[in-house]
1. Using alpha-carbon pairs under 8 Å, 6+ residues apart, how would you state the relative contact order of the range A:223-376 in percent?
2. Of B:S11, B:S261, A:S92, how do they rank once you tally other Cβ atoms within 10 Å and put the fewest first?
3. Less than 21 Å apart at the alpha-carbon level, and either on another chain or at least 8 residues along: which lysines does that give for A:K296?
4. Please give the Cα centre distance for the range B:218-253 versus the range B:171-214, rounded to the nearest Å.
5. Suppose R0 equals 25 Å. What FRET efficiency, 1/(1 + (r/R0)^6) with r the Cβ-Cβ distance, do A:E239 and A:K208 give to the nearest 0.05?
6. In the neighborhood of B:L262, defined by Cβ-to-Cβ distances under 12 Å, what is the net charge if each Lys or Arg adds +1 and each Asp or Glu adds -1?
7. Mind jotting down the distance between the C-alpha centroids of the range B:284-337 and the range B:60-88, whole Å?
8. Percentage of Cα-Cα pair distances in the range B:282-441 greater than 19 Å, rounded to whole percent?
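Laboratory data are not the source of any read-out in this text; all were calculated from the coordinates shown. Just so we're clear, the structure is a prediction, and the values are computed from it rather than from any experiment. Positions of Cβ are backbone-derived with ideal geometry, glycine not excepted, and every protein chain shown enters the neighbour counts.
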Amino acid sequence: MIVKAFSASRIGTLEFKLQELINDRFKPNLAFVFASIDLGLDNVLGVLKKYPMTVFGASTCGEIFFDGKNEGIFNNSVSVSLVQMDEQYFDSILFDGEGISSFELGKKVGQWGAKKFNSPGFLVTIGGVGANGQEVVEGIQEYTGKDKLIFGGLAGDDAKFKQTYIFNNEKLISPGAVAVVFDTSKIEMKGLATSGWVGIGSDKVVTKARGNIVYTIDNEPALRVYKDHLNILDEDLPEIGVEYPLMIKKQGREILRAVNGVNLEEESLVFAGTVPEGSTVTFSTSPGFEVVEHTKADISEFFDNFEAGPLLLLFSCMARHKALGPIILDEILLAYEKAKEPICGFFTYGEIGISGETGCEFYNETFTLAVISEKE
Amino acid sequence: MSKTLENIFNSLNTISDWESFQSYRKEIGEQFLELKKELESTQFKYQRSSKEKNIIYSLLNKTSQDLNQAAESLKIQAEELSTLLSAIPAFVYFKNTDHTYRLVNKAFEDFLGIRLENIKDKTIRNLLPDYDSSSYERKEKKVLVSGDPIYNVEEIVIKNRSKIWLSTNIAPVKNINNEVVGLVGVSYNITERKKHEIELKKAKELAEAGTRAKSEFLANVSHEIRTPMYGIIGMVEIMKQTPLKNEQIQHLGAIESSAGSLLILINDVLDFSKIEAGKLDFEIIEFRLSDVLKDVENMLKSRADEKELEFKIFSDKAIPETLRGDPHRLKQVILNLANNAIKFTEKGLVHIFINKIREYQQFIELKFEVKDTGIGIPKRGRERLFKEFSQLDTSTTRKFGGTGLGLSISKLLTNMMNGKIGVESQFGKGSTFWFTAEFGKETIEKNITPPMNKDQKDFIARVEKDLTVLLVEDNEINQKIARFNLEKVGYKVEVAENGHDAVLKYKDGNFDLVLMDILMPVMNGIKATERIRAIERYRNKKTMSKKHIPIVALTANAMQGDREACLAAGMDAYISKPFRQKDLEALLIKLVAG
């Protein structure tokens with residue numbers, strides 16, 4: 001497996017870099033492309049079409065690329081990771097999500113991947129504001145079971161929460177999903193997801209909810225509860241709300257759910273993942289800028305136990321970026337130091353990864369890193 | 001940041017000329033970049049902090065409000081709980097898993113006379129050292145282990161040398177993970193209740209003993225009173241069959257009439273006593289209605305003739321011959337009504353009608369009417385008619401006699417026969433007393449009678465002519481009457497005066513039949529029968545034969561339970577005293593023929 005990654009802030013530069021890198025000695029068949037909507041996604045596609053490679057693409061809330069020599073965090077740009085690998089060990093597909101539920105979309109991905117390989121590992125990116133990341137994961141797991149690895153993230157749109165896109169080198173759609181499936185008997189997939197957010201405030205109960213829409217909390221309209229507790233206005237949601245996700249407490253575990261959208265009429269909130277009715281929740285926030293130390297410790301531990309690989313994809317929650325600002329670079333820096341390979345990724349509206357032993361899940365507010373390599 | 005600035009400052013200081021500036025330029029550039037980054041971070045942190053501060057403060061404020069509210073609710077709940085506990089008159093305690101007290105209510109404190117501070121963390125052993133609490137603690141342990149409550153644990157606690165009964169419900173206290181973390185007990189002082197229970201038990205035993213005594217008394221009294229009565233009647237019967245002068249015949253008639261009335265009165269009083277004791281006997285057997293009616297006619301015809309009243313019985317032909325019910329009680333009711341009719345009628349007639357009202361597959365309902373042309377009953381008298389002890393007025397009593405019990409007993413009896421009783425009457429013209437009763441119909445299945453063997457056939461042949469009878473009867477007069485009736489037909493009679501003699505005579509003799517009285521001194525009929533049967537079994541075994549001597553009990557209206565005792569002892573049938581020879585014959589044939 002050979003990986004070459006770069007960042008480009010103009011379409012021209014993108015074209016140039018592709019031309020420069022792709023030649024007789026390096027013919028990538030798989031490309032990970034994370035681009036800002038402002039750059040012009042059609043233009044990006046226009047450039048990519050020229051090359052015979054499968055594209056896994058998503059719109060972003062900021063792009064990540066770090067190889068030790070640059071800023072690492074970008075806007076209005078495109079981060080690209082080109083991969084040359086044995087075509088027998090992977091496949092990629094784009095699914096249209098129009099008119100079907102997130103669960104159904106996930107099932108399509110799962111069914112496809114499970115048919116492809118006996119032990120499939122997935123990379124998924126999902127487009128469409130209002131998509132329920134958890135249901136996509138559950139849909140995939142309907143066909144693969146809970147023990148298969150899935151990494152990925154929800155596409156972003158620079159904190160506008162209007163429309164997010166996914167694309168391959170032929171189509172650009174919303175809603176939908178792009179998936180890459182690896183044969184994990186030949187390809188090693190591993191990774192981590194770490195957050196560090198803490199709960200703050202008293203416990204509340206989600207009294208009415210359906211899927212990823214919460215109608216009432218403690219029998220009060222959810223939107224009102226959020227505004228009252230955070231002392232913010234309608235306009236501040238979901239942008240500010242996304243930084244103070246609900247923390248669902250369940251059987252000693254805590255899972256974060258960030259607000260993605262608001263329904264002013266119903267006074268309800270749309271979250272990036274399922275918030276089950278009856279859940280006990282609190283608000284949460286980063287416990288200070290030191291939370292980065294927590295992430296760094298987890299990253300260290302990961303690389304102490306596992307080898308790095310040539311392909312490193314980072315799905316980092318845009319809320320982390322908002323909350324931590326330039327300090328978030330420390331995390332990326334450490335990951336690069338440990339892995340000694342370039343890191344390519346983007347700021348998402350939600351991440352999919354693995355944390356501990358409970359199998360892959362949908363998260364918010366995490367630093368989720370996927371490390372992929374060929375098995376010996 | 002200050003370090004970086006320091007570095008920059010130091011670097012700048014070392015620059016003295018263009019050359020050194022060139023060499024440090026890159027380094028200074030990097031340091032400035034570093035500074036820029038640090039400034040950006042600091043700026044970000046500052047701006048962020050201001051923005052975030054408001055939000056965090058708001059969250060904290062809201063949280064404080066929530067917590068305060070929650071604390072308020074808890075406080076109110078705790079107060080309510082405390083008030084509740086204080087108000088409960090039962091003793092409430094909370095214990096830890098090691099049986100030490102955690103919390104008790106006021107009632108508990110008052111009961112022990114110890115305040116909570118001195119109860120907490122102690123066990124019942126510490127507080128009541130004289131009380132052996134091990135069995136109670138075992139129950140508590142069971143609740144702790146099983147997690148299930150136990151209700152009504154009774155114990156006796158000694159306090160100030162007096163016994164106090166407590167009934168406690170012990171329940172587990174569980175935490176949010178459903179683990180048992182303690183016990184709660186609610187005790188009721190049931191000393192009063194227990195005392196009542198004990199007294200009630202005593203009273204019940206007394207009452208039962210009383211009832212038993214009453215029953216035995218009634219049985220004895222029945223026997224003792226009736227025996228001489230039957231003696232009188234029996235003797236009169238015998239005398240009637242001897243040559244007499246006209247005057248003597250008249251006197252005998254008077255004695256017979258008086259004795260008859262007396263007997264009826266005695267029976268009424270005895271029946272009434274039985275009603276009081278709840279012991280009125282009633283049996284269901286197969287009988288012929290025509291036999292009952294014939295008896296009634298025999299008993300009343302002469303009286304009616306004396307008063308020159310027309311006395312007739314009209315019975316519906318559609319009524320089946322054989323019915324199931326109590327023929328004695330049926331006779332009693334008809335006699336009661338008919339006797340009254342004759343009593344209160346000076347001229348005219350007394351007619352009895354029996355009609356079928358309804359017939360089912362297993363039951364038949366009949367209506368009996370006794371019509372007379374007597375004095376009639378005024379309207380206001382009719383309600384009191386069927387109440388005990390009442391007569392229309394005392395003048396009637398003196399004129400017509402009676403205890404006033406007859407009609408109320410008849411009412412009870414008709415009720416027992418699932419019927420009703422009533423009267424239609426016109427004062428001065430006459431009355432019709434009526435009653436309905438339900439009877440069973442003859443059972444369809446008839447036991448297949450096994451063919452008779454030689455012995456049985458012989459027996460029947462001789463039943464009509466000569467049998468050797470062992471008569472066991474202690475009362476001299478009854479002996480005489482019975483012997484007279486039996487010898488008249490041609491039977492040979494030997495008499496034993498008690499059960500003991502009866503067994504001896506049986507052993508040595510060769511009898512065809514034993515007539516056994518029940519209540520006798522030395523050895524009663526039941527025991528004697530048991531002995532005789534034992535001897536019979538023994539002899540049968542030795543001779544490999546199956547002899548079975550009929551033993552017929554002579555009853556003077558014994559109670560139902562006695563009948564069972566007779567049959568259990570080995571008697572074959574019973575006949576009531578005084579018996580008619582024809583009745584005995586019929587009974588014997590029935591017995592042998594099956």
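1. Details: 246 pairs, mean separation 35.9, N = 154.
Over the range A:223-376, the number comes to 23 percent.
2. Working: B:S11 16, B:S261 13, A:S92 19.
Ranked by crowding around the Cβ, least crowded first: B:S261, B:S11, A:S92.
3. Excluding near neighbours in sequence, the set is A:K69, A:K190, A:K322, A:K338, A:K340, B:K37, B:K45.
4. Computed from Cα coordinates, the inter-centre distance equals 61 Å.
5. Working: r = 25 Å, r/R0 = 0.98.
Once rounded, the FRET efficiency stands at 0.55.
6. Numbers: positive: B:R226; negative: B:E256, B:D268.
For residues surrounding B:L262, the net value is -1.
7. 87
8. Numbers: 6716 of 12720 pairs.
In whole percent, the share of Cα-Cα pairs in the range B:282-441 beyond 19 Å is 53.
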